[in-house]
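Okay, structure first, notes after.
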Amino acid sequence: MVAKIPTWNSFSIGRIREATDISLPTSGHLISHNTAEIRETLEGQNLNNILVLDDTSFSGNTSLIVENLIRQAFPERKINFTHGFLILNQGDLGPNPGAKKRLEKSGSQSIGGMKMNTPIDDGWHFFDMVDQGDLSAHFAVVKEILNIIGEPDFNHLASAILSNSDNLRAMFPKLISSQTVEDLKESGHFLGTKKLGKGFHVRNPQLMPNIIGQGHLAKINEWLGEPEEAFALLAQINKLLKKEKDEK
């Protein structure tokens, strides 16, 4: 007889980025449960060995945040962590170690199904390219930005496009105000050390301009097919994904 393993699947953590900076730098992380709520939820459980499951890890940063939160919630306990991923990075990120090396250096174990090695390998969440609200308005702004990639004053031009509030909301339909983030920080549901300012932030933004700007994908004028056909296909994929999600 196999013993029943207690599980907790309502916890979530997600990185948010500065929407008003074209490079989309990290602002911090939103968390569903603060340390007091984590303690209340897991109180009474055997926490000697915890298995944390996630889809992908490039840097191991999110995994280590989860470890730190649980350890802060239970400072009196000694906890061993094992992290399991569908895809696990075994390479390096510039001068820094990637997920597997970083997690094991911290004393935790890590398991990956598919293995990847940055910088040779790289990847992004495809759904973030299509799950962006009104795609006709969204892709109109995306194409405007893609057409100026490579220009000497790209950052200035792109910032000018996004300075228009309609363009900004079309590009990032999931905008979060700095005040909202500050409120979440006050309640312990946002982790970040940077001063937020008065701009906007976004979770799961459209990264196509960044991917092309970094040279991972061809520029729009170098695509083999017509850009309009490509965007129409992405919109069709979005409808299919939403239909599948609604039927679950």
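Bear in mind these aren't lab numbers, they're just calculated from the coordinates by the rules spelled out. Since we're looking at a predicted model, the values are computed, not measured. Neighbour counts run over all protein chains shown; Cβ positions are idealised from the backbone, glycine included.
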Discussion item. Run lengths n ≥ 4 of DSSP H only: what is the helix-derived mean residue ellipticity at 222 nm for the chain, with -39500 (n - 2.57) per run over all residues, to the nearest 500?
Written reply: -11000 deg cm²/dmol
Discussion item. Using amide H atoms built in the peptide plane, which far-off residues or other-chain residues are under 5 Å from THR118 H to H?
Written reply: GLN90, GLY91, ASP92
Response to the item:
Computed over the stretch 93-132, the Cα gyration tensor eigenvalues, each multiplied by 5 and square-rooted, give semi-axes in Å (largest first) of 24, 13, 10
Worksheet item: Among the lysines, which fall within straight-line cross-link reach of LYS185, defined as a Cα-Cα distance under 28 Å, with same-chain neighbours fewer than 8 residues apart omitted?
Response: LYS78, LYS174, LYS194, LYS195, LYS198
Discussion item. So if I place +1 on the C-beta of Lys and Arg and -1 on the C-beta of Asp and Glu, and nothing else carries charge, what would the dipole magnitude of the chain be about its Cα centre? I want it in debye, nearest 20.
Written reply: 860
Worksheet item: Sequence-distant or interchain residues sharing an amide H contact under 5 Å with GLY112, placed H: which?
Response: PHE85
Worksheet item: Roughly what percent of Cα-Cα pairs across the stretch 13-116 reach past 21 Å?
Response: 42
Worksheet item: Against the longest principal axis of the chain, how steep is helix 135-146, in degrees 0 to 90 to the nearest 10, with axes from Cα atoms?
Response: 80
Fill in: Pairwise centroid distance, computed over Cα atoms, of the stretch 13-30 with the stretch 174-196, Å
11
Worksheet entry | Derived scalar couplings ³J(HN,Hα) [the stretch 195-208; Karplus, 6.51 cos²θ - 1.76 cosθ + 1.60; whole Hz; x for Gly, Pro] | 6, 7, x, 10, x, 10, 10, 8, 10, 6, x, 6, 10, 4
Worksheet item: Using all Cα-Cα distances in the stretch 110-248, what percent lands in each 10 angstrom bin from 0 up to the longest?
Response: 10, 31, 35, 22, 3
Discussion item. As an exercise, find the ratio Rg/Rh for the stretch 61-140 from alpha-carbon atoms, using the Kirkwood inverse-distance average for Rh.
Written reply: 1.12
Discussion item. Going by amide H atoms built from the backbone, whose H comes under 5 Å of the H on HIS33, apart from near neighbours?
Written reply: SER12
Worksheet item: If you build a Gaussian network model of the chain, linking Cα atoms that sit under 10 Å apart, which residue out of PRO97, PRO205, PRO75 swings the most?
Response: PRO75
Response to the item:
Over the chain, the quotient of the Cα radius of gyration and 2.2 N^0.38 Å is 1.13
Item to complete: Using only the alpha-carbon atoms of the stretch 166-217, report the extent along each of the three principal axes, biggest first, to the nearest angstrom.
Response: 40, 25, 17
Item to complete: Answer with one residue from PRO75, PHE190, THR7: the one whose Cα lies farthest towards the positive end of the charge dipole of the chain, charges on Cβ with Lys, Arg +1 and Asp, Glu -1.
Response: PRO75
